[in-house]
Structures are given as C-alpha cells and as structure tokens.
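Participant: Got a structure for you, written out below as structure tokens; questions coming shortly.
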Amino acid sequence: MSPTITTSSEANGNVSAATARAAASAAATAEAAGPQAITMAKALNTAMADAMHADSSVLVFGEDVGMLGGVFRITDGLTKTFGEQRCFDTPLAESGIVGMAVGMAMNGMRPVIEMQFDAFAYPAFEQIVSHVAKMHNRTKGAVKLPMVIRVPYAGGIGGVEHHCDSSESYYAHTAGLKVFTPATVADAYRMLREAIDSDDPIMFMEPKKLYWSKDMVDLEELRAQHSANTDAGTSSEGRAAVARPGTDATLIAYGPSVPTALAAAAAAAEEGRSLEVIDVRTIVPFDDETVCASVRKTGRAVVIAEAHGFASVCSEIVARVQERCFHYLAAPIRRVTGFDVPYPAPKLEHYYLPGVDRILDAVDDLQWED
C-alpha cells in the first residue's frame, strides 16, 4: 500500500508541542512507571513509536519492517499501531528504498528507513553518497533531508559475510552525513529520538549483538529528558561519554566495542590498573574535547573497534588525539581492531573480534616504566 504523504508543515500544524507530549505520554500509559529492565531492541522500538506519536510526518519503511517487525523485530507492532501508511514493507531494493526516502524528505516527511543488514546497504551507496550527503550543500541550504538510515551493523551474532560488516568508516568519510552509534539501552532511545528530530541525514548504526542486551531504564524519565532537551535546543550529538572513570590509560571505543572495553577495564582493575573508558557515541560529529581531556589526564590510549584497522575510524581517532595531545603522551597510541580480512565464518569470528585479552595486551604495551 502506498503511504499517504503529509508534509512536515501540515504535520506541525496538526501536532503542537503540547499535543506531541500528550501523545507520547499516552503511549506510555501501558508501561510500568519507574526503571525497568528493557533491551536495546525495545528502546529503539519505543523511540520510533514515540516519534511517530509526536509527529505525523515520521514514517518507517524497509524490507520486512511491517507486519513481521523486521528481521530483529525492532519495528515490531508499529504497523499494527500506526497502520500500513506509516510503517510498511518495500521491495528488496535498497537503492529504491533510499531514493524514495530522499524524495519524501525533500517534500516535508521524516522517513526512518531500515537496511536489513549492514552489507545489504551497499546497493544504496550511490544514493547515500551522491544525494543524501550532498543535497543540502547542492541547494545552498534550501533543501534539507531530515531522514534516518538505520543500519544493524558489526558482528558477534554468528552471521556470515554480508550479515556482519562494519561499514561505519565509509559513512564517516562521506562529508554531509552524521554517524551515530549507541552502546547502551538509554542511548539507543535518546539518540534515535534526536536523530529523527534532526533536519540532517543521519546514518544510525545499531550494534546488532547488543539488541538483546538489557539495562535498567526509566522510559518516562527518558521521555521527559527528550522533551526538556528539545525545548532547550540541546542534544547528545557530538558528545562522548565517560563510561568508566580511570587514571592510568584511556580506552576509546564506540558501539559494539564499548562493553568489551568496559570488560577489559574491569579485568585491568583486578591487576591494579585504572583504565578510563570513553564511549564515542557519535562518530560524526566527533567530540575531540571529551576524548582529549581523558588522554591528557592519563597520558596513554588504546582505540578499540571491530572494523578493519586500515584507513578506519580508529585511524582517524588516533590521528586526532595525536595532533591534540602529543606532548601529553607517555607512549604511542595503540589500536585493537578487526583484522584486515573479509569477515570470517561464524566459528572463527571470536578470533577476529577484539576481545579483553587483546585489549589488555595493548595496554601492557604502552611503555610502562615498571
């Protein structure tokens, strides 16, 4: 079924800020108050539902996202709640999905589209690089593209090639795109809501091995924070987080590598080393201030990611930190990444993915005087 197009201006006329907040509040009435143990999948699903309640110009589409709810069930229930005109399936044609989203965004909609798996997005790469990333600049700011491209990415699920790719470097290298990647349940909700509200095109990279991770999260509080941040004009964009404080060295990670970095820091603590963990959160824009403040404090750093190390986001982070913190460094910055080979077979992925032992080996190599 083809979606009915309602422009953003029409939607804004129909949905005032007060009405939007009331709709989001009504959507929450079925949920228990206070902190609950919820998954990242639930947080992402709730973020889309709340955004769709708040703004009728938000719609969701992609392969199998309708009645099936997506391969990972992230869009489960959205078609039932909002109808087939606002959450619908598309043909298996990623370039067509992105191209249709571009046209909708140019005409006032806020499409949220899903690439079923990371490497499935490559047929749409020309649309993303040539049009999504360039439209605002091409039109001298006259045309905005408020669209979100959700990409389940990285490994750790026992998938084969084309199902476990780390493609963030391609998008980070493309001027005109913003690249978000949450590592916690709360950030999954917070950052997706902010991405949908943004007038810029955003690659929203979702660590699929974390979909079923659980945290104690108060959804009502997150909704209230989102409302307050919207009113104040503030957001998480370009703001890294100190996931664990420390004094001896800094572990810099994002997305699926953040829990691994935290596990390494916990193991190091048992050996008497205090490692600070920085969760990058948004690769583009990048928070130099928070990252460099940590490295200047500790004097040592290891950058961790599942993607290949060559010409990677890790490479860029190392370069940025070295340029800004050179005189504070007690040792060269180390990287712990996936190997420069195609993603391996499921039984071999544990050799490929960065783990606690590889991180601690890199920390040991940071030229400690003892």
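The values are calculated or read from the model by the stated rules, or taken from the named source; none is laboratory data. What you are looking at is a predicted structure, and each value in this text was computed from that prediction instead of being measured. Every residue, glycine as well, gets a Cβ built from its backbone with ideal geometry; the counts of neighbours run over all protein chains shown. SASA here: full protein model, heavy atoms, side chains in, ligands and nucleic acids out. Shrake-Rupley method; radii C 1.70, N 1.55, O 1.52, S 1.80 Å.
Participant: Can you pull out the residues in the stretch 118-136 that are at pLDDT 95 or above and either open to solvent by 20 Å² or more (accessible area, probe 1.4 Å) or over 20 Å from A93 (Cα atoms) (or both)?
Facilitator: Hits for the stretch 118-136 are Y122, P123, F125, E126, Q127, V129, S130, H131, K134, M135, H136.
Participant: Among the residues of the stretch 235-268, how many are in a loop (DSSP other than H, G, I, E, B) and either closer than 22 Å to A331 by Cα or open to solvent by less than 70 Å² (accessible area, probe 1.4 Å) (or both)?
Facilitator: 10
Participant: Could you tell me which residue of the stretch 64-85 is surrounded by the most Cβ atoms within 10 Å (Cβ to Cβ), considering only residues that are of a type in the set (G, A, S) and in contact (Cβ under 8 Å) with a residue 24 or more places away in the chain?
Facilitator: Residue satisfying both the conditions and the ranking: G70.
Participant: Report the residue count in the stretch 199-251 for those that are within 30 Å of V160 (Cβ to Cβ) and out of contact with any Gly (no Cβ under 9 Å at 6 or more places or on another chain). So that I can check it myself, show each step before the final result.
Facilitator: Start the filter on the stretch 199-251 by keeping residues that are within 30 Å of V160 (Cβ to Cβ), which leaves 201-215, 251.
Imposing the further condition that a residue be out of contact with any Gly (no Cβ under 9 Å at 6 or more places or on another chain) reduces the set to 202-204, 211-215, 251.
Summing the residues that are within 30 Å of V160 (Cβ to Cβ) and out of contact with any Gly (no Cβ under 9 Å at 6 or more places or on another chain) in the stretch 199-251 gives 9.
Participant: A further question follows. Across the stretch 153-189, what is the number of residues that are touching a Lys or Arg at 6+ places or on another chain (Cβ under 8 Å) and not hydrophobic (A, V, I, L, M, F, W, C)?
Facilitator: Of the residues in the stretch 153-189, 7 are touching a Lys or Arg at 6+ places or on another chain (Cβ under 8 Å) and not hydrophobic (A, V, I, L, M, F, W, C).
Participant: When the stretch 306-333 is examined, which residues are found to be crowded, with 21+ Cβ neighbours inside 10 Å, in contact with an Asp or Glu (Cβ under 9 Å, 6 or more places away or on another chain) and over 20 Å from M205 (Cα atoms)?
Facilitator: V321
Participant: Does the stretch 199-209 contain any residue that is among the aliphatic types (A, V, I, L, M) and either farther than 30 Å from P342 by Cβ or surrounded by fewer than 19 Cβ atoms within 10 Å (Cβ to Cβ) (or both)?
Facilitator: Our first condition is that a residue be among the aliphatic types (A, V, I, L, M); within the stretch 199-209, this holds for 202-203, 205.
Now drop any that are not either farther than 30 Å from P342 by Cβ or surrounded by fewer than 19 Cβ atoms within 10 Å (Cβ to Cβ) (or both), which leaves none.
Within the stretch 199-209, none of the residues are among the aliphatic types (A, V, I, L, M) and either farther than 30 Å from P342 by Cβ or surrounded by fewer than 19 Cβ atoms within 10 Å (Cβ to Cβ) (or both).
Participant: Identify, by number, the condition in (1) touching a Pro at 6+ places or on another chain (Cβ under 8 Å); (2) on the phi < 0 side of the Ramachandran plot; (3) not aromatic (F, W, Y) that G156 doesn't meet.
Facilitator: (2)
Participant: Same structure, new question: Restricted to the stretch 338-360, and to residues that are open to solvent by 100 Å² or more (accessible area, probe 1.4 Å) and more than 25 Å from the chain's Cα centre (by Cα), which residue is modelled with the lowest pLDDT?
Facilitator: Per the criteria, the residue is K347.
Residue-wise test of (1) within 17 Å of the chain's Cα centre (by Cα); (2) open to solvent by less than 30 Å² (accessible area, probe 1.4 Å).
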{"site": "R138", "(1), (2)": "no, no"}
{"site": "L145", "(1), (2)": "no, yes"}
{"site": "H162", "(1), (2)": "no, no"}
{"site": "S166", "(1), (2)": "yes, yes"}
{"site": "Y170", "(1), (2)": "yes, no"}
{"site": "V179", "(1), (2)": "yes, yes"}
{"site": "P182", "(1), (2)": "yes, yes"}
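Participant: Working only within the stretch 270-290, note down all residues that are over 19 Å from H173 (Cβ atoms) and open to solvent by less than 50 Å² (accessible area, probe 1.4 Å). Lay out the reasoning, then the answer.
Facilitator: Here is the first cut: in the stretch 270-290, the ones over 19 Å from H173 (Cβ atoms) are 270-279, 289-290.
Scanning the stretch 270-290 gives S274, L275, E276, V277, I278, D279, T290.
Participant: In the stretch 269-300, how many residues are part of a strand (DSSP E or B) and either at positive phi or hydrophobic (A, V, I, L, M, F, W, C) (or both)? Before you say what the answer is, go through the steps one by one.
Facilitator: Of the residues in the stretch 269-300, the ones part of a strand (DSSP E or B) are 275-279, 282-284.
Subset that is either at positive phi or hydrophobic (A, V, I, L, M, F, W, C) (or both): 275, 277-278, 283-284.
Of the residues in that region, 5 qualify.
Participant: Given the structure, is S95 open to solvent by 30 Å² or more (accessible area, probe 1.4 Å), within 27 Å of Y211 (Cα to Cα) and either among the hydroxyl-bearing types (S, T, Y) or out of contact with any Pro (no Cβ under 7 Å at 6 or more places or on another chain) (or both)? Step through it out loud before you land on a result.
Facilitator: On the way: open to solvent by 30 Å² or more (accessible area, probe 1.4 Å): yes; within 27 Å of Y211 (Cα to Cα): yes; either among the hydroxyl-bearing types (S, T, Y) or out of contact with any Pro (no Cβ under 7 Å at 6 or more places or on another chain) (or both): yes.
Answer is yes for this residue.
Participant: Further, regarding this structure: Among the residues of the stretch 230-246 satisfying the criterion of being of a type in the set (D, E, K, R) and within 14 Å of the chain's Cα centre (by Cα), which is farthest from L275 (Cα to Cα)? Please lay out each step first, then the result.
Facilitator: Of the stretch 230-246, the ones of a type in the set (D, E, K, R) are 231, 237, 239, 244.
Checking the rest, the ones that are also within 14 Å of the chain's Cα centre (by Cα) come to 237, 239.
Details: E237: 25, R239: 20 Å.
By that ranking, first place goes to E237.
Participant: Just checking: which of the helices (runs of 4 or more DSSP H) contained wholly in the stretch 135-198 hold 3 or more residues that are closer than 27 Å to A37 by Cα and in contact (Cβ under 8 Å) with a residue 12 or more places away in the chain? Step through it out loud before you land on a result.
Facilitator: Details: elements: 135-138, 168-172, 185-197.
Ranges flagged: 185-197.
Participant: Something else about it: List, please: which pairs have Cβ atoms under 8 Å, are six or more places apart or on different chains, and start with a residue in the stretch 311-323 that is touching a residue at least 60 places away in the same chain (Cβ under 8 Å) and assigned to a helix (DSSP H, G or I) and end with one that is polar (S, T, N, Q) and open to solvent by less than 60 Å² (accessible area, probe 1.4 Å)?
Facilitator: V313/S169
Participant: What pairs come out if I take residues in the stretch 105-116 that are closer than 15 Å to S198 by Cβ and open to solvent by less than 10 Å² (accessible area, probe 1.4 Å) and pair them with residues that are polar (S, T, N, Q) and not in a loop (DSSP other than H, G, I, E, B) whose C-beta lies under 8 Å away, six or more apart or interchain?
Facilitator: Here the result reads M109/S8, each pair linking the stretch 105-116 to a residue that is polar (S, T, N, Q) and not in a loop (DSSP other than H, G, I, E, B).
Participant: Which condition breaks for H226 when tested against (1) in a helix (DSSP H, G or I); (2) more than 17 Å from L360 (Cβ to Cβ); (3) more than 20 Å from the chain's Cα centre (by Cα); (4) not charged (D, E, K, R)?
Facilitator: Failing condition for H226: (3).
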